[in-house]
Amino acid sequence: MGALNGEPWDSPEEELRILGEELARLRETAAGLRRRIGEREDDPTDRAEYSALIEAAEEQEALIEELESRRERLLRQSGEAR
């Protein structure tokens, strides 16, 4: 498996594949949170819940940026190795 369980990745290709899957999942989650924040019909019950939704979306987006950076580094490294 790889770094998700603390062990090294079997290959850069495996890590890129897993990163792609994780990025897709995180983007879907973040988009869902942003939609929920924007839709007033499913409005959070109080300011604390609303703030928690915004914070969760921002955390997802920060993780997306981190994983995208990792993916870009791997792509550059694999291009240099060829």
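The values are calculated or read from the model by the stated rules, or taken from the named source; none is laboratory data. Note that this is a predicted model, so its numbers are computed, not measured. Neighbour counts run over all protein chains shown; Cβ positions are idealised from the backbone, glycine included.
Computed quantities for the displayed model
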{"quantity": "One residue from ASP10, ASP42 being touching a helix residue (DSSP H, G or I) at 6+ places or on another chain (Cβ under 8 Å) and either modelled with pLDDT of 80 or more or surrounded by fewer than 16 Cβ atoms within 10 Å (Cβ to Cβ) (or both)", "calculated": "ASP42"}
{"quantity": "Where GLU21 falls short, out of the listed (1) at pLDDT 90 or above; (2) surrounded by 11 or more Cβ atoms within 10 Å (Cβ to Cβ)", "calculated": "(2)"}
